[in-house]
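Undergrad: This is the structure I have questions about; it appears just below.
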Amino acid sequence: MAPLKGYTDEVFRNAFSRHFNGFDGALAPFIPTVTDKRIRPALLQGVLPERNRRLPVVPQIMSNSPDDFIRMAHALTDTGHSEINWNLGCPFPMVAKKNKGSGLLPQPDRIDAFLDQVLPRLPCRLSVKLRLGRKKPDEIDNVLETLNAYPLSEIILHPRTGIQMYSGRPDLDRFERCLDLSRHPVTYNGDINCLGDFQNLSERFHCVKRWMIGRGALINPYLPGDIKGADIPPDDKVSRFTGFYDDLYRGYQDRLSGPGHLLNRMKGFWTYFALIFEGGKKVAKRIHRSKRIDRYEAIVSKFFSSEPRWVEPEQGMSVDEVLP
Ligand SMILES: Cc1cc2nc3c(=O)[nH]c(=O)nc-3n(C[C@H](O)[C@H](O)[C@H](O)COP(=O)(O)O)c2cc1C
């Protein structure tokens, strides 16, 4: 399961794995480092191994400071983690401008200096999640050469540039070249939204053994199970989904403080849930307009009781182009 900040947190991961199969593990949304010596326990709670037993989780850190990274990594390994992931892919300009996430990709020397300081002091394995570059897709060449000098457990590559955000298509030719350039195992990530997407990619990239799915599983939570060969009759899909939805909603009711936060969180999810139901976009628009939680609950309840039809995403769909 890919990290999706604001979505695939502890509540979602646990609800998801109570109702659906297919994922072997999850990479958690990034934790920012802090300059304070003391790390607030609240920052680490969501990724505690004992709170993520159903779906083992690897924490991700976003930082460009070796000292802050090491401190956070120690705090995480003290709770039982044996692997940490470094975020080198976040595309947001505010992040990139601060030389974090994809902002580091045009600066392989900084990546080199960071790893040179971090790896000898790291008490666990390290993997890296990245894009092809910040502005240009060939930035990856020097980055991979730099990464090859270090012992990493894997590289997770989403083959877009940072400035592309989520538009256009993943650059599969460039991804293929990266498989030759990297001495580390490479995990593919990006736009796997249906079984056909996965089949095409796995036929093309035989040597890829690990696959990461984010938005495709928010839209269709049966997708990881379908890929592993589960065969759920389409008629059962909606009723099982509503069980998951109830669980998720209760989880956020318990966790989030106040109806405003709850409403905003659920509005975010419906952006994706909308794409799997016939008439889903219309209901998502109504949900997005709702200002009160009781109104929201009424819209969702009416929608589910109308027995909406489950419609699988089309092969080659770009989520960015079809969001309501
Ligand atoms: C809302 C949102 C939040 C994201 N948060 C993170 C994050 O915290 N860390 C990270 O490495 N990638 C993050 N990503 C990127 C995804 O993990 C993934 O690389 C990207 O969505 C492409 O994969 P997909 O097409 O399977 O979703 C985020 C993406 C989205 C849309």
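The values are calculated or read from the model by the stated rules, or taken from the named source; none is laboratory data. Being a predicted model, the structure only gives us computed values, none of them experimental. Virtual Cβ from ideal backbone geometry, glycine too; neighbours counted across all protein chains shown. The area values use the complete protein model at the heavy-atom level, side chains included, leaving out ligands, DNA and RNA. Shrake-Rupley method; radii C 1.70, N 1.55, O 1.52, S 1.80 Å.
Undergrad: Considering only the stretch 1-22, state which residues are more than 12 Å from the ligand (Cβ to nearest atom) and either within 21 Å of W86 (Cα to Cα) or not hydrophobic (A, V, I, L, M, F, W, C) (or both).
TA: E10, R13, N14, S17, R18, H19, N21, G22
Undergrad: Only residues that are of a type outside the set (A, V, I, L, M, F, W, C), within 19 Å of the chain's Cα centre (by Cα), within 17 Å of R169 (Cβ to Cβ) and open to solvent by 10 Å² or more (accessible area, probe 1.4 Å): list them for the stretch 201-241, please.
TA: The answer is G214, R215.
Undergrad: Test R54 against the stated conditions and say whether it is under 30 Å from N21 (Cα atoms) and of a type outside the set (A, V, I, L, M).
TA: yes
Undergrad: Additional query: Can you tell me which residues in the stretch 208-260 are basic (K, R), away from the ligand (no atom under 16 Å from the Cβ) and not in a loop (DSSP other than H, G, I, E, B)?
TA: Those that are basic (K, R), away from the ligand (no atom under 16 Å from the Cβ) and not in a loop (DSSP other than H, G, I, E, B): K237, R240, R250, R255.
Undergrad: Can you tell me which residue is most open to solvent (accessible area, probe 1.4 Å) among those in the stretch 171-200 that are assigned to a loop (DSSP other than H, G, I, E, B) and touching a helix residue (DSSP H, G or I) at 6+ places or on another chain (Cβ under 9 Å)?
TA: Looking at residues that are assigned to a loop (DSSP other than H, G, I, E, B) and touching a helix residue (DSSP H, G or I) at 6+ places or on another chain (Cβ under 9 Å), I get R183.
Undergrad: Quick one: I156 ticks every box in (1) open to solvent by 10 Å² or more (accessible area, probe 1.4 Å); (2) touching a residue at least 60 places away in the same chain (Cβ under 8 Å) except a single one, so which number is it?
TA: Failing condition for I156: (1).
Undergrad: For the stretch 95-118, which positions are under 13 Å from I140 (Cα atoms) and within 15 Å of the ligand (Cβ to nearest atom)?
TA: Hits for the stretch 95-118 are S102, G103, L104, L105.
Undergrad: Would the stretch 60-70 turn up any residue that is open to solvent by 30 Å² or more (accessible area, probe 1.4 Å) and either within 16 Å of the ligand (Cβ to nearest atom) or not polar (S, T, N, Q) (or both)?
TA: Checked the stretch 60-70: at least one residue is open to solvent by 30 Å² or more (accessible area, probe 1.4 Å) and either within 16 Å of the ligand (Cβ to nearest atom) or not polar (S, T, N, Q) (or both).
Undergrad: In the stretch 258-284, which residues are open to solvent by 60 Å² or more (accessible area, probe 1.4 Å), more than 24 Å from the chain's Cα centre (by Cα) and not acidic (D, E)?
TA: Result: P259, K282.
Undergrad: Further question on the same structure: Quick one: in the stretch 301-324, of everything that is in contact (Cβ under 8 Å) with a residue 40 or more places away in the chain and β-branched (V, I, T), which residue is most open to solvent (accessible area, probe 1.4 Å)?
TA: V322
Undergrad: Residue check, V128 against (1) away from the ligand (no atom under 15 Å from the Cβ); (2) in a strand (DSSP E or B), all met but one. Which one?
TA: For V128, the failing item is (1).
Undergrad: Have a look at P123, P151 and point out the one that is within 20 Å of M62 (Cβ to Cβ) and open to solvent by 60 Å² or more (accessible area, probe 1.4 Å).
TA: Within the list P123, P151, the selection yields P123.
Undergrad: On to the next question. With respect to I31, determine if the residue is within 14 Å of the ligand (Cβ to nearest atom), open to solvent by less than 60 Å² (accessible area, probe 1.4 Å) and free of Cβ contacts under 8 Å to residues at least 40 places away in the same chain.
TA: For I31, the condition - within 14 Å of the ligand (Cβ to nearest atom), open to solvent by less than 60 Å² (accessible area, probe 1.4 Å) and free of Cβ contacts under 8 Å to residues at least 40 places away in the same chain - is not met.
Undergrad: Do we find a residue being part of a helix (DSSP H, G or I) and either surrounded by 20 or more Cβ atoms within 10 Å (Cβ to Cβ) or of a type in the set (S, T, Y) (or both) anywhere in the stretch 46-56?
TA: Checked the stretch 46-56: no residue is part of a helix (DSSP H, G or I) and either surrounded by 20 or more Cβ atoms within 10 Å (Cβ to Cβ) or of a type in the set (S, T, Y) (or both).
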